[in-house]
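Q: Have a look at this one.
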Ligand SMILES: NC(=O)c1ccc[n+]([C@@H]2O[C@H](COP(=O)([O-])OP(=O)(O)OC[C@H]3O[C@@H](n4cnc5c(N)ncnc54)[C@H](OP(=O)(O)O)[C@@H]3O)[C@@H](O)[C@H]2O)c1
């Protein structure tokens with residue numbers, strides 16, 4: 001009896017993880033879908049043949065970690081797969097983004113991801129998998145997405161280091177790095193004082209493609225999975241080019 005916990009399941013990439021899960025993981029007997037919008041979580045029961053439990057939860061609230069831990073203790077089940085997908089970005093300079101929205105990105109993308117991971121690991125056995133949804137924005141600093149990109153640097157480095165720590169337990173950690181993905185992410189990201197700060201979304205990917213690659217890489221226990229050849233080139237450039245050149249080129253592409 002292994003559970004898959006998917007955060008950010010109500011929309012976009014997380015919703016697609018729910019949809020595709022049974023095609024890639026046949027050891028999962030229940031999905032726990034976590035996000036704030038309960039009605040959308042309940043609708044997920046129509047898109048998966050795995051029994052699904054809706055867990056409405058604001059992951060930026062401190063109490064949610066104890067709540068999740070209690071639910072796991074009461075269930076008596078182990079967690080075979082954790083997918084941390086909840087996250088948001090905001091486009092614009094430091095002055096365009098409300099302070100609470102900037103801090104909220106750190107709270108959800110970094111703090112909640114660590115909090116959920118730490119709660120879940122004790123309920124995992126050998127062979128369990130963790131998938132952390134990261135981004136190609138983790139490969140370099142990005143003006144006009146400064147906090148978001150930095151939050152994903154955190155996710156990438158944390159996930160890599162955790163994968164080494166968890167290796168002796170036989171638990172794998174995969175950081176999935178997609179490029180732009182066609183989801184409601186952009187509606188949230190552009191709700192700032194400067195909605196036109198970032199408007200060029202080169203090589204937009206579909207959630208289907210990202211999720212397929214993510215689930216395959218997670219099954220294989222890959223440490224990092226970069227989606228698309230364009231993203232892979234950006235990864236290599238991020239390693240070899242001076243960071244000033246990368247940031248200036250990025251800003252030029254947005255003009
Ligand atoms: N779309 C892209 O271009 C792109 C590219 C690279 C990486 N990513 C990453 O992919 C992940 C999913 O994003 P998406 O593109 O699928 O966007 P999305 O459709 O907006 O999904 C975001 C998810 O996060 C949940 N969420 C937001 N605030 C939450 C909170 N306080 N507590 C619990 N859940 C919360 C949302 O559910 P509720 O609103 O119901 O709470 C929703 O399910 C994010 O980590 C994002 O950074 C996206």
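Q: Given (1) farther than 18 Å from residue 19 by Cβ; (2) surrounded by fewer than 22 Cβ atoms within 10 Å (Cβ to Cβ); (3) away from the ligand (no atom under 16 Å from the Cβ), identify the lone condition not met by residue 50.
A: Residue 50 satisfies every listed condition except (1).
Q: While we're looking at this one, here's another question. Quick one: which of 102, 187 is in a helix (DSSP H, G or I), near the ligand (Cβ under 10 Å from one of its atoms) and farther than 16 Å from residue 231 by Cβ?
A: That would be 187, the only listed residue that is in a helix (DSSP H, G or I), near the ligand (Cβ under 10 Å from one of its atoms) and farther than 16 Å from residue 231 by Cβ.
Q: Any residue in the stretch 18-40 that is more than 26 Å from residue 178 (Cα to Cα) and either in contact with a helix residue (DSSP H, G or I) (Cβ under 8 Å, 6 or more places away or on another chain) or within 14 Å of the ligand (Cβ to nearest atom) (or both)?
A: Yes, because at least one residue in the stretch 18-40 is more than 26 Å from residue 178 (Cα to Cα) and either in contact with a helix residue (DSSP H, G or I) (Cβ under 8 Å, 6 or more places away or on another chain) or within 14 Å of the ligand (Cβ to nearest atom) (or both).
Q: When you go through 160, 125 one by one, which is the residue that is more than 16 Å from the ligand (Cβ to nearest atom) and touching a strand residue (DSSP E or B) at 6+ places or on another chain (Cβ under 6 Å)?
A: Residue meeting the stated conditions: 125.
Q: I need every pair where a residue in the stretch 135-147 that is without any contact (Cβ under 8 Å) to a residue 60 or more places away in the chain has its Cβ under 7 Å from the Cβ of a residue that is in a loop (DSSP other than H, G, I, E, B), sequence separation at least 6 or different chains.
A: Final answer for the pair search is 135/178; 137/145; 145/89; 145/91; 145/198; 146/94.
Q: Just give me the residues in the stretch 190-207 being free of Cβ contacts under 8 Å to residues at least 40 places away in the same chain and within 13 Å of the ligand (Cβ to nearest atom), in sequence order.
A: 201, 203, 204, 205, 206
Q: While we're on this one: In the stretch 138-168, what residues are over 18 Å from the mean Cα position of the chain (by Cα) and not in a helix (DSSP H, G or I)?
A: If the condition is that a residue be over 18 Å from the mean Cα position of the chain (by Cα) and not in a helix (DSSP H, G or I), then 141, 142, 143, 144 are the ones that fit.
Q: Would you be able to tell me the number of residues in the stretch 36-75 that are assigned to a loop (DSSP other than H, G, I, E, B) and free of Cβ contacts under 8 Å to residues at least 40 places away in the same chain?
A: Summing the residues that are assigned to a loop (DSSP other than H, G, I, E, B) and free of Cβ contacts under 8 Å to residues at least 40 places away in the same chain in the stretch 36-75 gives 10.
Q: So, one more: Taking the stretch 210-230, which residues are more than 12 Å from the ligand (Cβ to nearest atom) and in a helix (DSSP H, G or I)?
A: Result: 212, 213, 215, 216, 217, 218, 219, 220, 229, 230.
No value in this document is a laboratory result; all are computed from the given coordinates. Everything numeric here is computed off the predicted structure, so don't read it as measured data. Here the Cβ is made from the backbone with ideal geometry for all residues, glycine too, and neighbour counts use every protein chain on show.
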